[in-house]
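This report refers to the structure that appears directly beneath it.
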Amino acid sequence: MSLLGPPLLVLSILLALAAPVGCALLWGRVRGMTAWPVRIAMIVVCQVTAVLLAGVGLNDHFQFFASWNDLIGQNGADAPIQQQNSGSQPLARGLSKRLRNDFRPDRRDSAYSAELVGAKSGIRSRIWVWLPPQYRQRPRQRFPVIELFPGFPGTPITWFHTMQGPKKLQEAMKKGAAQPYILVAPTITVVPGHDTECTNVPGGPKVATWLTEDVRRIVMENFRALPGRDGWGTMGYSTGGYCAAKLATEYPRLFRAGVSMSGYFTASNPALARVPGADVPALLQTRHPNVDLLLTASKQDPGTTTAVNTMVRAARPPSVVYTYVVPRGGHNTGVWTAMLPKCFQWLTTQLTHAD
């Protein structure tokens, strides 16, 4: 029986209904020394079937896990990256700025962090930065940067823990498949509980400005980061995937490439959908930004494959779209973590190397 679809959902509903009915019918018939242990067991069964129904219903709606193998972690990233159109531009190099050292070590997250105010957005929020070992080994070298965006609800540090971003990057570096990057995970939920979808909200926080111009300036002032657009990329999953594609496409003067992992490409909030830049396929069709995008999806997470196909149809040179569609896996971090090695490898072919 599939983990998704009506059969399991209907079975869960029947079990959740049958358990309390059976409990009511048997309650008075249980007698003797075992009466109370049996009654407690029946109550537990009622609770378990209710929780099971809630879990199956949520998974069926959001498609966190697409199969039983996916549920136990047996998902894969066995699929090729395919270029869908052409029009790349050569890379460029730039100069670096001074260091201010506003960041302090965050041992819990094996990174540096600081809570700062964006000069242009006025947003005060926290940024986490992970430095590759080469950063200390090569004190005069400047490094490319990848901005990392989580889903919603979610926190930036998920990239350093559950998503295993630094670990997967170092594994790829040891194999010679990726170059060292400075990984930057800024806060995208600047108003707790409100999903602004990385957009400059009319009358509200300028989240896009914060994540692009402000974060870039902050990182440049505190770390040896490459300043040119060709040294900067974006990467995110789910809502963060939308952010990665949207910001790279909307701000091509700041980013060379973006990776969207199981993302969508049109704002889900109707109020934000009317904001210019919220529709990424429309941006590709009208502005033709000089960016490369890697769009990942899973065939068992059908909404993501549909979204990727929409982007492929919209792209025209010099925009270049690559696709990475795996055969199995739902909408969860296990799938995205398995994709990371190829994503880091792809970014290494797009961005300027450490200078």
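The values are calculated or read from the model by the stated rules, or taken from the named source; none is laboratory data. Everything numeric in this text was worked out from a predicted model, so none of it was measured. Please note: Cβ atoms are built from the backbone with ideal geometry, for glycine as well, and neighbour counts cover all protein chains shown. Surface areas here come from the heavy atoms of the whole protein model, side chains and all, with no ligands, DNA or RNA. Shrake-Rupley method; radii C 1.70, N 1.55, O 1.52, S 1.80 Å.
Among the helices (runs of 4 or more DSSP H) lying completely within segment 1-95, list those that include at least 3 residues that are at pLDDT 65 or above and either among the acidic types (Asp, Glu) or farther than 25 Å from HIS331 by Cβ (or both).
By residue number, 6-27, 35-62.
If you go through segment 312-324 and pick out every residue that is surrounded by 18 or more Cβ atoms within 10 Å (Cβ to Cβ), in contact with a Pro (Cβ under 9 Å, 6 or more places away or on another chain), more than 24 Å from HIS161 (Cα to Cα) and not polar (S, T, N, Q), you end up with 2.
Got at least one residue in segment 203-219 being of a type in the set (S, T, N, Q) and modelled with pLDDT under 95? No, every residue in segment 203-219 fails to be of a type in the set (S, T, N, Q) and modelled with pLDDT under 95.
Among the residues examined, ALA177 qualifies as open to solvent by 10 Å² or more (accessible area, probe 1.4 Å), more than 15 Å from the chain's Cα centre (by Cα) and under 23 Å from SER262 (Cα atoms). Only a single criterion out of (1) under 15 Å from the mean Cα position of the chain (by Cα); (2) of a type outside the set (Ser, Thr, Tyr); (3) under 27 Å from ARG142 (Cβ atoms) is not satisfied by MET220, namely (1). Can you name every residue in segment 283-311 that is open to solvent by less than 40 Å² (accessible area, probe 1.4 Å) and part of a helix (DSSP H, G or I)? Within segment 283-311, LEU283, LEU284, THR304, THR305, ALA307, VAL308, MET311 qualify.
Checked against (1) modelled with pLDDT under 95; (2) of a type in the set (A, V, I, L, M); (3) open to solvent by 20 Å² or more (accessible area, probe 1.4 Å); (4) out of contact with any helix residue (DSSP H, G or I) (no Cβ under 6 Å at 6 or more places or on another chain), ALA114 passes all but condition (3). Restricting segment 193-206 to residues that are open to solvent by less than 10 Å² (accessible area, probe 1.4 Å) and either in contact with a Ser or Thr (Cβ under 9 Å, 6 or more places away or on another chain) or assigned to a helix (DSSP H, G or I) (or both) leaves a set whose member that is farthest from GLY118 (Cα to Cα) is GLU197.
Residues that are at pLDDT below 95 and over 17 Å from THR212 (Cα atoms) were ranked within segment 180-192; the one that is most open to solvent (accessible area, probe 1.4 Å) is PRO192. Pairing each residue of segment 307-335 that is polar (S, T, N, Q) with any residue that is open to solvent by less than 30 Å² (accessible area, probe 1.4 Å) and part of a strand (DSSP E or B), provided the two are 6+ apart or on different chains, yields C-beta distances under 7 Å for THR323/LEU295. Within segment 155-174, being open to solvent by 40 Å² or more (accessible area, probe 1.4 Å), in contact (Cβ under 8 Å) with a residue 40 or more places away in the chain and in a loop (DSSP other than H, G, I, E, B) holds for HIS161, THR162, GLN164.
Screening THR266 against (1) among the β-branched types (Val, Ile, Thr); (2) crowded, with 24+ Cβ neighbours inside 10 Å; (3) touching a helix residue (DSSP H, G or I) at 6+ places or on another chain (Cβ under 7 Å) leaves a single unmet condition, (2). Just to be sure I understand, how many residues within segment 209-230 are open to solvent by 10 Å² or more (accessible area, probe 1.4 Å) and small (Gly, Ala, Ser)? Selection size over segment 209-230: 1.
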